[in-house]
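Below is one structure, written out as structure tokens; comments come after it.
The values are calculated or read from the model by the stated rules, or taken from the named source; none is laboratory data. Everything numeric in this text was worked out from a predicted model, so none of it was measured. Positions of Cβ are generated from backbone atoms using ideal geometry, with glycine treated the same way; all protein chains shown enter the neighbour counts. For accessibility, only protein heavy atoms count, side chains too; no ligands or nucleic acids. Shrake-Rupley method; radii C 1.70, N 1.55, O 1.52, S 1.80 Å.
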Amino acid sequence: MMKASVLIVEDDPALSELIVWHFANEGCKVRVTADGEEALELVREDIPDLIVLDWMIENVPGIEVCRQLRKAKETATVPVIMLTARGEEEDRIRGLKTGADDYVTKPFSPRELLARAEALLRRSRPALTGSLLIHGDIELDPAAHRVRRGGEALHLGPTEFRLLRHFMERPGRVHSRAQLLDAVWGQDAEIDERTVDVHIRRLRIAIAVAGKEDPIRTVRSAGYALGD
């Protein structure tokens, strides 16, 4: 279905295990917690592509987690599906007004949850479904593994292509060197963070066009971002 990173926030162990299994079986990178406070910490460490969030969880309720996610610029647009045993229309409206993108009432079919997740990801992260990525005059085709700027083909190495794709999937977001290492090289890679700087420099050279500004922004003491 998709190669997405998903955070599952659910305090029912059996249901949590079932949801995790279905998403992992679709190729997703899954993290899980039963605690609202820990969920916010996990999001701060590494922003997921999608959050499946139970309404009634420990410490910080799901609806408050959702509210805090929407208040922060970095997570304001991360898709959130709320899970709850509450079926009343008033509760559903409250959840959606808080910022949830979708609402699934227990009990539910895991296949339905996956379908709803895929629909949200198709809109928020088109690259996960193989769609063309566009940022300014840069176009990246994940399926064909091609990059163009201003209509002209660019030649990127494999690592630079993965870096650019990661940036273009999350425009405007600041990524630390550690986050880029995990996302592009993998969490088990034993590589010095300065390697990121080397490949950022190579990427900048590869996408540079005379008379056009560098789209990659260096954020002092924080990392790198694509665009504003």
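Altogether, the Stokes-Einstein calculation at 10 °C and 1.306 mPa s, with the Kirkwood radius of the range 1-118 over Cα pairs as Rh, returns a diffusion coefficient of 114 µm²/s.
With an 8 Å cut-off on Cα pairs and a minimum separation of 6 or more residues, tell me the relative contact order of the range 143-202 in percent.
Relative contact order of the range 143-202: 28 percent.
To put it simply, the accessible area of the chain at a 1.4 Å probe is 48 percent carbon and sulfur. For the chain, the residue among Gly211, Ser176, Gly27 whose Cα projects farthest onto the positive side of the dipole built from Cβ charges is Gly211. Pop the C-beta distance of Ile191 and Thr105 into the FRET formula with R0 = 35 Å and round what comes out to the nearest 0.05. Here the calculated transfer efficiency is 0.20. Applying D = kT/(6 pi eta Rh) to the chain, where Rh is the Kirkwood radius over alpha-carbon pairs, T corresponds to 4 °C and eta to 1.567 mPa s, the Stokes-Einstein value obtained is 69 µm²/s. Computed about the Cα centre, the dipole magnitude for the range 8-67 is approximately 220 debye when only Lys and Arg (+1) and Asp and Glu (-1) carry charge, each at its Cβ.
Remark: the Cα gyration tensor places the range 1-48 in the oblate category, a/c being 1.5 or greater and a/b not exceeding b/c. Take the alpha-carbon positions of the range 146-228, form their convex hull, and give its projected area averaged over all directions (one quarter of the hull surface) in nm². Orientation-averaged projected area of the Cα hull: 5.5 nm². Think of the chain as a dipole: +1 on every Lys or Arg Cβ, -1 on every Asp or Glu Cβ, centred on the Cα centre; then among Ala85, Ile134, Tyr103, Ile134 lies furthest on the positive end. Counting only the Cα atoms, the range 17-75 fills a convex hull of 75 Å³ per residue.
What angle do you read, to the nearest 10 degrees and between 0 and 90, between the alpha-carbon axis of helix 62-71 and the longest principal axis of the chain? Result, in degrees: 30. Inter-part distance, the range 162-196 to the range 5-80, computed on C-alpha centroids, equals 21 Å.
Can you give the helix-only mean residue ellipticity at 222 nm for the chain, where every DSSP H stretch with n ≥ 4 adds -39500 (n - 2.57) and the sum goes over all residues, rounded to the nearest 500 deg cm²/dmol? Only helices count here, giving -11500 deg cm²/dmol. Electrostatic bookkeeping for Asp197 treats Lys and Arg as +1 and Asp and Glu as -1; over the other residues with beta carbon under 11 Å from its beta carbon, the sum is +3.
Given their separation in residues at 0.36 nm each and the Cα-Cα distance between them, Asp12 and Glu112 gain 34.1 nm when the chain is fully extended. The alpha-carbon atoms of the range 134-181 define a convex hull whose volume equals 76 cubic angstrom per residue.
Could you work out the local net charge near Ile8, counting Lys and Arg as +1, Asp and Glu as -1, over the other residues with Cβ closer than 10 Å to its Cβ?
-2
Here the dipole of the chain is about 1100 debye; that uses its Cα centre as origin and unit charges on the Cβ of Lys and Arg (positive) and Asp and Glu (negative).
Solvent exposure of the chain, expressed per residue, is 53 Å² of accessible area, with all protein chains present and a 1.4 angstrom probe.
Looking at the chain, the DSSP beta bridges with both ends there are about 45 percent antiparallel.
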